[in-house]
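K.L.:
Take a look at this one; I'll ask things after.
The values are calculated or read from the model by the stated rules, or taken from the named source; none is laboratory data. Nothing here was measured: the structure is a model prediction, and the numbers come from that model. Here the Cβ is made from the backbone with ideal geometry for all residues, glycine too, and neighbour counts use every protein chain on show. Only protein heavy atoms, including side chains, enter the accessible area calculation; ligands, DNA and RNA are left aside. Shrake-Rupley method; radii C 1.70, N 1.55, O 1.52, S 1.80 Å.
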Amino acid sequence: MTPITIKQPFIITIFGASGDLAKLMLFPALYSLYEQGRLPVDFYIIGFARTKKTDSAFQQDFIASVKAAAGGVVNESALKKLSERVRYFTGEYGRSADFESYAKFLKSLKLPANSLHLAYFSVPSVAYKPIIENLAALSKSGLYHIRLILEKPFGVDKQSAEDIFHFALQHFEEEKFYLLDHYLGKPAVRSIMHLRESNRILSHMMRGYEIANVQITAFEEFGVKERASYFDQVGTIKDFVQSHLMQILALATMSLPIDKNAQSLQREKYGVLAAIECPHDPKNIVIGQYQGYTKENGVPQDSHTETFAALRLFIDRLDWFGVPIYVRTGKRLAKKQTYVVVELKKFPFQAANEPPNRLIFELYPFEQAHLTLLNKQEDPAALQEIIASHSVACNVKAKCLPPGHAPLLLDVLRGEKKYFLSFPEIIASWDVVDKISALIADNKIKLELYQAGSSGPAAHLRLPARDGFNWYSLPS
Ligand SMILES: NC(=O)c1ccc[n+]([C@@H]2O[C@H](COP(=O)([O-])OP(=O)(O)OC[C@H]3O[C@@H](n4cnc5c(N)ncnc54)[C@H](OP(=O)(O)O)[C@@H]3O)[C@@H](O)[C@H]2O)c1
């Protein structure tokens, strides 16, 4: 199979191109698409920001960022050629005169009339509205074929997200928006759905009626690094649970879409997210902070921001009635690991000490799916656990892109919206998170301190214990 390539000419404008996301993620992603020969003959990459910079200074930044991301190992000639397509435009996001000059500047590039215009919002969400408004004015006078890419976190709560979406939809049709969570650019996350839709055996197993519980674990070894000032304002629940883990939860528990359309998939994910029963009982929530967090650069000494969270959730639907979903995530833990465990119900005649069948989607460190089966001899000591594992990593070298932004940018260029979020999904996720945040703000949940390098606060073990289960740990 030949890799997906793009033929239609395009311009991608990165608003906020002077910032971290552009340097760390977007420039390297564009380089990998170019280096793999997936981009058309005609295209330009434009950086738009308030910081004054020349084209050549920006091209140097672009080259340096790509090299830093690749650990210095790059195709020098491809990178040089690519940098010749890179331009910089200094402008204010809210000044219409700057956008008129920007439109003239785009025209001067003389790309064919059918060229796509991608607008990437690599700015804090306070800058979304002025950019949307100015782009909308330009789109009436010639900036056609526009696609707008908005990056998670999509506001800070349900109300701010609704406010952004309401404003956005007054200016552009919904189909123009690509709401991006880079987790959906990871092949291992996508494989949760691919495995389900390609294997009837799994689609039978993964119905709520068959399942005892679902567990989602996403542990990080590092702390807040240089993102302390951003992170301290939001905390783990808004930063990690609201989009990344809610999306994984939805992919694992949704009903299979009836076809391969993006809208059908988004509808099924929404169906689960909107049915998540919010944990009114504070006993279903554990939050923690690693010791030493308040001494990190940029973190206030009296910060109560959570760096760990564990939740016990339910899906208020007949097919998932009574099936607990446990979610846990945190920073500064013993090991970086991300995995989803689906534990199947046992037969009533099975002994308590017999392990259940488990289907495990491992996302990190390895991208693998595991299925455990049991073989029991008459002698109870001879219980055999058969573990079938298979890699779900991209294994066709010519088709492999670095996970995250590169596959998603390719999707935007070809108009594929399957791995982007819908407005209702985001609102439904905020609804859950806002209710948890309200309990935390009301001091209903104690912040537990935990040791850096540990497995998080011991209190989180009690969540599955309430239902007679344990957290499952991947064998080391
Ligand atoms: N960094 C990440 O790893 C990451 C991961 C996931 C999501 N995101 C999201 O992606 C977006 C960009 O992230 P980032 O880390 O690159 O952000 P950033 O560095 O804080 O901001 C990007 C650029 O936006 C402009 N800017 C900053 N504050 C502004 C303000 N108050 N009003 C208008 N413009 C402002 C600045 O450019 P000028 O001053 O030159 O105009 C800045 O260089 C954010 O929404 C962030 O939440 C980031």
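K.L.:
Name the residues in segment 40-68 that are free of Cβ contacts under 8 Å to residues at least 40 places away in the same chain and open to solvent by less than 20 Å² (accessible area, probe 1.4 Å), would you?
P.N.:
40, 62, 66
K.L.:
Just give me the residues in segment 277-314 being closer than 14 Å to residue 463 by Cα, open to solvent by less than 60 Å² (accessible area, probe 1.4 Å) and either among the charged types (D, E, K, R) or outside any strand (DSSP E or B) (or both), in sequence order.
P.N.:
Result: 279, 281, 282, 284, 312.
K.L.:
Looking at 401, 363, 333, 408 in this structure, which one is at pLDDT below 95, hydrophobic (A, V, I, L, M, F, W, C) and either over 20 Å from residue 468 (Cβ atoms) or touching a helix residue (DSSP H, G or I) at 6+ places or on another chain (Cβ under 6 Å) (or both)? Can you show your working first?
P.N.:
Details: 363 fails: at pLDDT below 95; 333 fails: at pLDDT below 95; 408 fails: at pLDDT below 95.
Only one candidate passes the filter, namely 401.
K.L.:
Within segment 23-43, identify whether any single residue is assigned by TED's automatic domain parsing to the domain that holds residue 129, over 20 Å from residue 415 (Cα atoms), more than 8 Å from the ligand (Cβ to nearest atom) and over 22 Å from the mean Cα position of the chain (by Cα), and answer yes or no.
P.N.:
yes
K.L.:
Restricting attention to segment 398-414, does a residue exist that is in the same structural domain as residue 359 (by TED's automatic domain parsing), more than 27 Å from residue 177 (Cα to Cα) and within 25 Å of the chain's Cα centre (by Cα)?
P.N.:
yes
K.L.:
Right, next: Restricting to helices (runs of 4 or more DSSP H) lying wholly in segment 119-227: which have 1 or more residues that are away from the ligand (no atom under 15 Å from the Cβ) and touching a Leu at 6+ places or on another chain (Cβ under 6 Å)? Spell out the reasoning first.
P.N.:
Values: elements: 128-139, 158-171, 187-198, 200-205.
Filter on segment 119-227 gives 187-198, 200-205.
K.L.:
Now for a different question. Are any residues in segment 1-22 near the ligand (Cβ under 9 Å from one of its atoms) and aliphatic (A, V, I, L, M), and if so, which ones?
P.N.:
Going through segment 1-22, the residues near the ligand (Cβ under 9 Å from one of its atoms) turn out to be 15-22.
Residues satisfying the conditions are 17, 21, 22.
K.L.:
Still on this structure: So which of 184, 169, 179, 245 is open to solvent by 70 Å² or more (accessible area, probe 1.4 Å), at pLDDT 95 or above and of a type outside the set (S, T, N, Q)? Let's see the steps before the verdict.
P.N.:
Numbers: 184 fails: open to solvent by 70 Å² or more (accessible area, probe 1.4 Å); 179 fails: open to solvent by 70 Å² or more (accessible area, probe 1.4 Å); 245 fails: open to solvent by 70 Å² or more (accessible area, probe 1.4 Å).
Matching residue, one of 184, 169, 179, 245: 169.
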